[in-house]
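Working notes, structure below.
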Amino acid sequence: MAEFDPEQFEDKYANYFAELQRAYKNAFESMNNRYDSELIHAIDQQILNESEPFYNTETDSFEIQLPENPTDRLTAIVVDDQKLQTVLETYVDELQQQHRRVFGLDDESEPKV
């Protein structure tokens, strides 16, 4: 894999599509192993399907922009609002971590592309 270039990430779907898929897949698998699979699948399909990853050059970090009113989008299952918010925040954190790993920006691991 070529070295990560923040400028190339602006056109991420043309330049880094496979890496983005890998980061989302890794995050899904990690979350699915730790939390209720129905909840994780619902978050993945109804909230994160409209999310947008960005690379913030000022903080050298990945950010995940969620759609407007993300928790209102979840209709596939009934879940307590606090639980949903907590799991969604954890999922976003996991996504950010997986982006760092996949793009080789995590000192603890090698790129997994």
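Each value in this text was obtained by applying a stated rule to the coordinates, not by laboratory testing. What you see is a predicted model, and the numbers here were worked out from it, not measured in a lab. Cβ placement follows ideal geometry from the backbone for every residue including glycine, while neighbour counts extend to all protein chains displayed.
Couple of notes before you dig in:
- What the Cβ-Cβ distance of residue 17 and residue 78 gives, at R0 = 41 Å and to the nearest 0.05, is a FRET efficiency of 0.75.
- Length released on extending from residue 85 to residue 7, taking residue separation times 0.36 nm less the Cα-Cα span: 24.9 nm
- For region 39-113, fraction of C-alpha pairs farther apart than 19 Å, in %: 40 percent
- Under the Karplus curve 6.51 cos²θ - 1.76 cosθ + 1.60, θ = phi - 60°, whole-Hz ³J(HN,Hα) for region 24-40, x wherever Gly or Pro sits: 5, 5, 4, 5, 4, 4, 4, 5, 5, 6, 9, 10, 3, 5, 5, 5, 5
- Each residue, residue 59 and residue 38, gets one label point 7 Å from its Cα in the Cβ direction; the gap between the two is 3.4 nm.
- 14 Å beta-carbon shell around residue 86, net charge (K/R +1, D/E -1): -4
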